[in-house]
Amino acid sequence: MSNPLARAKRIVVKVGSSLLVDAEKNVLREAWLNALVDDIAALRADGKDVLVVSSGAIALGRRILGLNGKALRLEESQAAAAAGQIRLSSAWQEALARHDLKTAQILLTLGDTESRRHYLNARETVHTLLKLGVVPVVNENDTVATAEIRFGDNDRLAARVAQMISADCLILLSDIDGLYTADPGVDPNAKFLATVPAITPEIEAMAGVSRSGLGRGGMVTKIVAAKIAVGAGCAMVIANGKQMHPVQSVRDGGRCTWFEAQGTPAAARKQWIAGHLNPQGTLTLDAGAVKALQSGRSLLPAGVTKVDGRFQRGDLVRVCDPDGNEIAVGLSAYADEDARRIIGHKSGDIAEILGYRGRDEMIHRDELVLR
């Protein structure tokens, strides 16, 4: 297969603790981080959006709080994360500033991706940051996470973030250069796989357990991440992060394992909208709005004549023509009460009517599936 990174427009780069932090001293590997940021800057220079999912807060916080060399209780892990997160975010900010790149910190938990409102807020925040040319740095919010709500590893977190922002490439930088038929550290006859067209039970059986002293993930979690990513139309690669300039190595065709995407992010998202949600309400349109949707445009409040049902922002709604025939389904940018107040009005009037500036569209075309 051709290198998906070359044609990718939106990329998520996942960095594990064992790469970013010296395992013996629990200090940042600054030279390595600067080399990685050089790679990220090169991607940005080529017009690509880049988001980083970074581990390392707990490892760095251990040293700050004098907790080296011991197994941490949950509250100690949370305290270490709180202390280490400051150092981690500062390190990313300083490294990116060398290339005049701005960054922003986003902390997420599993609950944030399962709560519809939190999911939408996070998604819109990331989209806004990317539009402004920022390189967001995401980490699991270890300061408040508990055993019940943790992702458990940043591989799956990275995949969920890639799915959330419709990324088309996910790079998992690891302490191994890809997927083997068995653990190469145990089985000398293990064979390297450069490409995985589909994740079969045989592929899942090849996963092993991480021997890293810092990270929580292993090949098992990387396969789980791959299933999430490729199902969302996002190609995923496992690459050796130990070397300097690891992303450039992937760009140059270096040794790594690519998991092929199933379709595109846009197609995967629309398939999810069409088949995995139940409509909570109905919007009835005038003839002009129907024609606009059929020509590929978004649904504006001015073209809506009636709102039925009770729904929240981000819920799925039916979209009907003047005769009540369903012509589409989509995710509403407004809750039903606000939607009723702005229908029939121009988008420029929304702020005056509602008292806040929402989206111009009632349903954006990217959130709309025609029947």
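Taking the Kirkwood radius as the inverse of the mean 1/r across Cα pairs, report the Rg/Rh of segment 6-150.
0.98
So what is the diffusion coefficient of segment 180-305 in µm² per second by Stokes-Einstein at 10 °C and 1.306 mPa s, using a Kirkwood Rh over Cα pairs?
87
In whole angstrom, how long is each semi-axis of the equivalent ellipsoid of segment 158-211, when you take the square root of 5 times every eigenvalue of its Cα gyration tensor and sort them from largest down?
24, 13, 10
Order 40-53, 227-240 from most to least packed using the mean count of other Cβ atoms within 10 Å.
227-240, 40-53
How large is the Kirkwood hydrodynamic radius of segment 11-76, in angstrom, based on all distinct alpha carbon pairs?
13.3
Using the Kirkwood radius over Cα pairs, work out the Stokes-Einstein diffusion coefficient for the chain at 4 °C and 1.567 mPa s, in µm²/s as a whole number.
Rounded to a whole number, D works out at 59 µm²/s.
Mind checking which aspartates and glutamates have their Cα closer than 20 Å to the Cα of Lys291? Skip sequence neighbours fewer than 8 apart in that chain.
Here the aspartates and glutamates satisfying the reach criterion relative to Lys291 are Asp321, Asp323, Glu326, Asp360, Glu361, Asp366, Glu367.
Among the lysines, which fall within straight-line cross-link reach of Lys131, defined as a Cα-Cα distance under 18 Å, with same-chain neighbours fewer than 8 residues apart omitted?
Straight-line reach from Lys131, under 18 Å: Lys9, Lys48, Lys102.
Largest first, please: the extent of the C-alpha atoms of segment 277-370 along each principal axis, to the nearest Å.
33, 26, 23
To the nearest 10 degrees, how steeply does helix 219-231 sit against the main Cα axis of the chain, on a 0 to 90 scale?
Orientation of helix 219-231: about 20 degrees from the principal axis.
So what is the relative contact order of the chain, in percent, for Cα pairs below 8 Å that sit 6 or more residues apart?
Contact order relative to length: 14 percent.
Could you tell me how many degrees, from 0 to 90 and to the nearest 10, lie between the Cα long axis of helix 265-275 and the main elongation axis, the longest principal axis, of the Cα atoms of the chain?
Taking the Cα atoms of the chain, the angle to 265-275 is about 60 degrees.
What are the ³J(HN,Hα) values, in whole Hz, obtained from phi via the Karplus relation 6.51 cos²θ - 1.76 cosθ + 1.60 with θ = phi - 60°, for each residue of segment 6-18 in sequence order, with x given for Gly and Pro?
5, 9, 5, 10, 9, 10, 10, 10, 9, 10, x, 4, 5
Counting helices only, and only those DSSP H runs with n ≥ 4, report the 222 nm mean residue ellipticity of the chain as the sum of -39,500 (n - 2.57) divided by its residues, in deg cm²/dmol to the nearest 500.
My calculation for the chain gives -11000 deg cm²/dmol from helical runs alone.
Lys191: which lysines have alpha carbons under 29 Å from its alpha carbon, excluding same-chain residues fewer than 8 sequence positions away?
Output for Lys191: Lys14, Lys222, Lys227, Lys242.
Computed from the coordinates by the stated procedures, all read-outs in this text should not be read as laboratory data. Please read all numbers here as calculations on a predicted model, not as lab measurements. Positions of Cβ are generated from backbone atoms using ideal geometry, with glycine treated the same way; all protein chains shown enter the neighbour counts.
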